[in-house]
Each structure stands twice: as structure tokens, then as C-alpha cells.
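Report on the structure given below.
The values are calculated or read from the model by the stated rules, or taken from the named source; none is laboratory data. Small disclaimer: the values here were computed from a predicted structure and weren't measured. FYI the Cβ positions are ideal-geometry reconstructions off the backbone, even for glycines, and counts take in every protein chain you see.
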Ligand SMILES: [Cu+2]
């Protein structure tokens, strides 16, 4: 489930202040590739099934959206790496094409309440998003 810690103010401070590097997650999410089987495709190299897809996220607003989407994507065992760039409003997702696909990845984003490429967000999930994660027209 999605955890709403707070609005963009705190979040932005956490990720934007300080270093300009991408220290994506602070809270122990570093073990992203503890996959079920013994195969260690931790890095992109060496996995012949690895493929990278870029997905437009026109409705993304802030760093909280980034976390929400990245968390949703990493639930898919086929996703090797997911990075959401909320400033440029897109996601770069590296996945194992023998395990998942672009359609599935888009589906996860939609289910999280966000638009994926030209596909509209799941309305229910969108309505449950934090206020600051909604489109400006829906923010109060
Ligand atoms: Cu947001």
C-alpha cells in the first residue's frame, strides 16, 4: 500500500537539498534486486533479457509521486531498476523482458494513480493520492 508521509515540502527538502546526485531512497530500500531465484542480475550488464523503456508521466508532480511510482514498479519481480524523474516527468525502467513488459509496467503506474504515456490513470487510485500529487487543477 502507499504510505503518505506528508506533502511535498518535507519530501522535497529530503531529496532536493544537498547533493545533486541521485540518492534515490534513504530508508533501506537498497536491496532492490533480491530476486527469488539464485540468478544475480543485479546490474544491467550480463542479463541478456534486460531492456530499458522510457515512459512519459505527464501527471507526476513531486518527489512523493516519484517514490509512489518507484515503489509500485519494484513490486514487479521483472523490474530490475526504476527511476522516476519528476522534473522531466518521465520514468526510466529497466526490466527483464522474460518476466515483464512495457504494458505491465504501464499498468502498474496506472494502478498507482498516474498517467503512463497516453494511458489515463486509474481514477480510484488517482483520487486517493495525496493532494499535492494531483494535477494542479485538482489541488486545493
Ligand atoms: Cu506527488
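Taking the condition part of a helix (DSSP H, G or I), surrounded by 21 or more Cβ atoms within 10 Å (Cβ to Cβ) and in contact (Cβ under 8 Å) with a residue 40 or more places away in the chain, does residue 69 pass?
Values: part of a helix (DSSP H, G or I): yes; surrounded by 21 or more Cβ atoms within 10 Å (Cβ to Cβ): yes; in contact (Cβ under 8 Å) with a residue 40 or more places away in the chain: yes.
Yes.
Which residue out of 139, 61 is at pLDDT below 95 and either surrounded by 18 or more Cβ atoms within 10 Å (Cβ to Cβ) or within 13 Å of the ligand (Cβ to nearest atom) (or both)?
Values: 61 fails: at pLDDT below 95.
Testing whether each residue is at pLDDT below 95 and either surrounded by 18 or more Cβ atoms within 10 Å (Cβ to Cβ) or within 13 Å of the ligand (Cβ to nearest atom) (or both) leaves just 139.
When restricted to residues that are within 15 Å of the ligand (Cβ to nearest atom), in a loop (DSSP other than H, G, I, E, B), in contact (Cβ under 8 Å) with a residue 40 or more places away in the chain and on the phi < 0 side of the Ramachandran plot, segment 73-124 contains 4.
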